[in-house]
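Heads up: the structure comes next, in structure tokens.
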Amino acid sequence: MTGTMDAGNMRKGEMDKMKLYRMELYKLCHRKIVYAGTIFLTVVLLLFYSMKISEEWAYVDGVLYEGFEAIQKNREITEEFKGLLTDEKVDAIVEKYGFPQEVERNYGGFRDGNYLSAFVTDFLTDGYMRGWGEGEYQISTRTYPIAETELGAAKELTGQEIILEYSNGWSVFEELLNGGTILSSILIILIVSVLFAGERQAKMVPLLFTTKEGRQKDIRIKIAAAFTAAITIWLAVTALDLILCGYVYGYDGLDNLVGTTKIIGSIVAQGWSVSVWTVRHYIAVIVFRSFVGIMTLCATTIYISAGCRTSFHAVSIAAIVWGMPLLLWFLLPNGFVFSLVRVLIYATPLYHSMCNSIFDISTIWVILAEIAAVWSVFCVFRGYLKYRRQQAA
């Protein structure tokens, strides 16, 4: 009989926790500003994708394709040559599509080019395009053997073969992940800032702390609800980005070197470290770093909320703390100590959200992620203790 009662009490306790958890999650998210922010975030991401789609073109068999049609055409013509890049394939591409020649202002490439002819021009010919004025571009006249180019040097350095696949979608994925994570951060600040500060503002602290296990159970559940909201937002944005990328651009190109894609645009533009990563490796790293940034922001905002008496103060302070690293970067003078601070700035939520910051910290990004993780644990622990110790005003 006693065992049955204990089991019943345990089940009831678990049900009470789940009920409290759902209630806390509802309180955090069921607000007009959260709904408006979610709609705004979604609309901005979709508009951005529409803009990026409209920027692509493909000139094939005397026909100029633009937008979504151009993307599909570029994917189609690349299928014939995809895989291991060889000198024979390069010659076949040139024979079929020739060298692009038409220059038009405000287009970042030869207007009569396509994905394949642009790839060959950028990496394997004597042609280039740096601008639209005289002397700023040169029409290709010949191709070079792969072994004599940056691609050959990259192959020698990494021991990897050079793969040719359509990869424009991953540069768009990166840009959307970057902007989406930053916009998500703003939404998360609005949601999580009220976690503890909202209770104090509403004079709910005395009531919560008179309930059974109020100081322990309620605080833990609040923190769990905050992280659930943050993770859900991050997952939604990342999943939307991935789905749109696959639907519009396809998932080819993961085995390409980063330096052969629009992510960088040159195999040595940012030094060898990142440019010779595969796109698969690069995408995994920037997605992980964006997640670390969101978790660190959530933990920091929890700590700030625990020390504020009103939601407005919590939101304001959290926003300042989130954006401060960018200001510090420009204000810090030169010097060893300040250089060290600049390095640590890359461990902050804002810089974890900036995908291209990996180019500056490619050799130490794991260490900075670990620093961010330690800081997150500290913030959650200190926020828990601070709110637990509060007494009725």
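A few points about this structure:
- Candidate set from segment 332-377 (those that are β-branched (Val, Ile, Thr), farther than 24 Å from residue 187 by Cβ and not in a helix (DSSP H, G or I)); member that is most open to solvent (accessible area, probe 1.4 Å): 363
- Some residue of segment 265-276 being in a helix (DSSP H, G or I), in contact with a strand residue (DSSP E or B) (Cβ under 7 Å, 6 or more places away or on another chain), on the phi < 0 side of the Ramachandran plot and not acidic (Asp, Glu): yes
- Matching residues, segment 84-118, being exposed (fewer than 14 other Cβ atoms within 10 Å of the Cβ) and within 23 Å of residue 245 (Cβ to Cβ): 108
- Qualifying residue in segment 126-144 (condition: open to solvent by 80 Å² or more (accessible area, probe 1.4 Å) and modelled with pLDDT of 90 or more): yes
- The set of residues in segment 82-131 that are within 24 Å of residue 69 (Cα to Cα), more than 33 Å from the chain's Cα centre (by Cα) and of a type in the set (Lys, Arg) contains only 96.
Yes or no, residue by residue, for (1) surrounded by 15 or more Cβ atoms within 10 Å (Cβ to Cβ); (2) modelled with pLDDT of 70 or more; (3) within 26 Å of residue 37 (Cβ to Cβ):
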{"site": "190", "(1), (2), (3)": "yes, yes, yes"}
{"site": "194", "(1), (2), (3)": "yes, yes, yes"}
{"site": "200", "(1), (2), (3)": "yes, no, yes"}
{"site": "204", "(1), (2), (3)": "no, no, yes"}
{"site": "207", "(1), (2), (3)": "no, no, no"}
{"site": "211", "(1), (2), (3)": "no, no, no"}
{"site": "216", "(1), (2), (3)": "no, no, no"}
{"site": "221", "(1), (2), (3)": "yes, yes, yes"}
{"site": "226", "(1), (2), (3)": "yes, yes, yes"}
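- When residues of segment 341-393 are limited to those that are more than 21 Å from the chain's Cα centre (by Cα) and of a type in the set (S, T, N, Q), the one modelled with the highest pLDDT: 390
The values are calculated or read from the model by the stated rules, or taken from the named source; none is laboratory data. The structure displayed is predicted, hence computed values, not measured ones. All Cβ positions, glycine included, derive from the backbone under ideal geometry; neighbour counts span all protein chains shown. Ligands, DNA and RNA are excluded from the accessible area calculation, which covers all protein heavy atoms including side chains. Shrake-Rupley method; radii C 1.70, N 1.55, O 1.52, S 1.80 Å.
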